[in-house]
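Q: Got a structure for you, written out below as structure tokens; questions coming shortly.
The values are calculated or read from the model by the stated rules, or taken from the named source; none is laboratory data. In this text the structure is predicted, and so the values were computed from the model without any measurement. Positions of Cβ are generated from backbone atoms using ideal geometry, with glycine treated the same way; all protein chains shown enter the neighbour counts. Ligands, DNA and RNA are excluded from the accessible area calculation, which covers all protein heavy atoms including side chains. Shrake-Rupley method; radii C 1.70, N 1.55, O 1.52, S 1.80 Å.
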Amino acid sequence: MINGFTLHDTSSAPPASAEILNGVQKAWGFVPNLHRVLAESPAALEAYGTLWSIAEKTGFTPQERNIAYLAIIYENECTYCMAGHTNLSRMAKVDDDAIAAVRQGRSIADPKLEALRQFTAKITRQRGFVSEVDVAAFKAAGYDNRAVLDVLVLAATKLISNYTNHLAQTPNDSFMKGAEWSAPGKLKPAA
């Protein structure tokens with residue numbers, strides 16, 4: 001890790017973070033390294049956990065949510081989150097070909113999921129500045145204004161995790177074995 005960041009546990013984290021880490025341990029059966037880094041700031045750890053919970057309340061199916069997360073992660077080039085969300089996507093029964101497509105920055109065969117991938121990538125890459133044509137194409141695929149705003153909830157969630165991992169160079173967790181990913185270095189942006 002870099003920039004003096006630490007992988008905290010309940011004994012080294014601030015008390016407010018230690019309480020949150022205990023909850024993560026109970027819910028997940030382990031504490032991911034991302035949470036251990038975020039524990040340095042109780043506010044950052046709480047914000048991430050809160051946004052994660054809120055993201056599950058969006059109108060997206062678990063498969064759609066995971067495709068959107070992967071598209072955001074691709075654009076933000078977060079190797080830690082790509083490895084983690086690859087396996088989380090598999091657990092959510094996202095098609096392996098769709099996962100591979102997003103990891104490679106190429107089109108998904110399913111037209112609705114592809115519209116979601118493209119729109120989410122553009123929102124992320126262009127910091128929310130998308131055209132009316134982009135929004136219309138997203139809606140034509142079966143989404144609505146709620147979905148447009150729900151993409152922002154997912155993007156906000158991943159902003160905290162992706163940027164934290166960039167700042168700390170968070171090491172992968174053991175459950176990510178086999179899902180490692182090398183960022184494309186902006187050589188091949190998503191279509």
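Q: Is there a residue in the stretch 153-169 that is surrounded by 13 or more Cβ atoms within 10 Å (Cβ to Cβ), assigned to a loop (DSSP other than H, G, I, E, B) and of a type in the set (A, V, I, L, M, F, W, C)?
A: no
Q: Looking at the stretch 1-16, I want the residues that are in contact (Cβ under 8 Å) with a residue 40 or more places away in the chain and have a partner that is open to solvent by 70 Å² or more (accessible area, probe 1.4 Å) and not hydrophobic (A, V, I, L, M, F, W, C) with Cβ atoms under 9 Å, at least 6 apart or on another chain. Which pairs are those?
A: Met1/Gln169; Ile2/Gln169; Asn3/Gln169; Phe5/Glu40; Phe5/Gln169
Q: Within the stretch 1-19, count every residue that is closer than 27 Å to Asn66 by Cα and in a helix (DSSP H, G or I).
A: Here the count works out to 1.
Q: Now, a different point. Of all residues in the stretch 134-147, which are touching a residue at least 24 places away in the same chain (Cβ under 8 Å) and open to solvent by less than 40 Å² (accessible area, probe 1.4 Å)?
A: Selection gives Ala141, Tyr143, Ala147.
Q: Pick out, from the stretch 30-133, the helices (runs of 4 or more DSSP H) lying fully within it that include 3 or more residues that are of a type in the set (D, E, K, R), open to solvent by less than 40 Å² (accessible area, probe 1.4 Å) and out of contact with any strand residue (DSSP E or B) (no Cβ under 7 Å at 6 or more places or on another chain). Full working, then the answer.
A: On the way: elements: 33-38, 42-55, 62-76, 79-91, 96-104, 111-125.
Per the criteria, 62-76.
Q: If Leu149 passes every condition in (1) at pLDDT below 95; (2) in a helix (DSSP H, G or I) but one, which one does it miss?
A: In the conditions (1) at pLDDT below 95; (2) in a helix (DSSP H, G or I), Leu149 misses (1) alone.
Q: Step by step: first the residues of the stretch 103-116, then only those that are in contact with a helix residue (DSSP H, G or I) (Cβ under 7 Å, 6 or more places away or on another chain) and free of Cβ contacts under 8 Å to residues at least 40 places away in the same chain, then the one that is farthest from Ala141 (Cα to Cα). Which residue is that?
A: Pass one, the stretch 103-116, residues in contact with a helix residue (DSSP H, G or I) (Cβ under 7 Å, 6 or more places away or on another chain): 103, 105, 107-110, 113, 115-116.
Checking the rest, the ones that are also free of Cβ contacts under 8 Å to residues at least 40 places away in the same chain come to 109-110, 115.
Working: Ala109: 13, Asp110: 11, Ala115: 6 Å.
Restricting to residues being in contact with a helix residue (DSSP H, G or I) (Cβ under 7 Å, 6 or more places away or on another chain) and free of Cβ contacts under 8 Å to residues at least 40 places away in the same chain, the top hit is Ala109.
Q: If Asn22 satisfies all but one of (1) touching a helix residue (DSSP H, G or I) at 6+ places or on another chain (Cβ under 6 Å); (2) part of a helix (DSSP H, G or I); (3) among the polar types (S, T, N, Q), what's the number of the condition it fails?
A: Status for Asn22: all satisfied but (1).
Q: How many of the residues in the stretch 53-98 are more than 10 Å from the chain's Cα centre (by Cα) and under 21 Å from Gly142 (Cβ atoms)?
A: 17
Q: What pairs can you find where one residue is in the stretch 159-178 and touching a residue at least 60 places away in the same chain (Cβ under 8 Å) and hydrophobic (A, V, I, L, M, F, W, C), the other is surrounded by 18 or more Cβ atoms within 10 Å (Cβ to Cβ) and assigned to a helix (DSSP H, G or I), and their Cβ atoms are less than 6 Å apart, with a gap of 6+ or different chains?
A: That search, which allows pairs on different chains as well, returns Ile160/Tyr48; Ala168/Val37; Met176/Ala83; Met176/Gly84.
Q: Output the residues belonging to the stretch 16-28 that are among the small types (Gly, Ala, Ser) and either open to solvent by 60 Å² or more (accessible area, probe 1.4 Å) or at pLDDT below 95 (or both).
A: First pass over the stretch 16-28, keeping only residues among the small types (Gly, Ala, Ser): 16-18, 23, 27.
Ala27, the sole residue that qualifies.
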